[in-house]
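Asker: Take a look at the following structure, please.
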C-alpha cells in the first residue's frame, strides 16, 4: 500500500525528518519507486521495503516477453470491448423492440377507448331519440285524450239534444 513519507514515519515510530534524510541518501536507489501525488512524495511498497532494509524483488523480463504479454492483454481488452459492444447492441435492440411493443399496446388501447367512446355516443344518441319518441307519443296520446273528451262531450250533447227532441215529439204526439 502506497504511503506518504509522514505516514511511513508514523508507522515506523520515527520522525518525518529521519525518513526524509534516508530518502535523500538513497535517492538513486529509490527514484523509480517514489511517485508524486498532489504535490507529495508517495512511497511505493518497494520503496518501503528498501527503507526497511529489505532488498526489493527485481523482476527482470525479456523485452519480447513484456511486449507479448502486453499484446495479449491488449487483445483480451479488445475482445472484451467487442463483447461489451455486442451486449450494448443487443440491449439497444431489445429496448427498441420493447418501445415498439409498448407503443403498439398503447395504440391498441387508444383505439379500444375510442371505440367505447363512439359506442357510448351512439347509445346516448339512441336514448335521446327514444326519449324524444316517448315524449312525442305522450303528447299525441294527450291530444287524443283531449280530442276524445271533446268528442264525448259533443256526443253527450247530441244525445241530450236527441232525447229532448224525442220528448218534444212524444208530447206532440200525445
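The values are calculated or read from the model by the stated rules, or taken from the named source; none is laboratory data. Bear in mind the structure is a predicted one, so any value in this text is a computation, not a measurement. Glycine gets a Cβ as well: all are built from the backbone with ideal geometry, and neighbour counts include every protein chain shown.
Asker: Quick check on my filter: what residues within the range 8-29 are under 57 Å from the mean Cα position of the chain (by Cα) and buried (at least 16 other Cβ atoms within 10 Å of the Cβ)?
Answerer: 8, 9
One line per residue, one yes/no per condition, for (1) over 56 Å from the mean Cα position of the chain (by Cα); (2) at pLDDT 95 or above; (3) not in a helix (DSSP H, G or I):
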position: 77; (1), (2), (3): no, no, no
position: 81; (1), (2), (3): no, no, no
position: 95; (1), (2), (3): no, yes, no
position: 102; (1), (2), (3): no, yes, no
position: 107; (1), (2), (3): no, yes, no
position: 146; (1), (2), (3): yes, no, no
position: 149; (1), (2), (3): yes, no, no
position: 159; (1), (2), (3): yes, no, no
position: 170; (1), (2), (3): yes, no, no
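Asker: Continuing with the same structure: Among the residues of the range 44-67, how many are at pLDDT 80 or above and either within 50 Å of the chain's Cα centre (by Cα) or over 30 Å from residue 3 (Cα atoms) (or both)?
Answerer: 2
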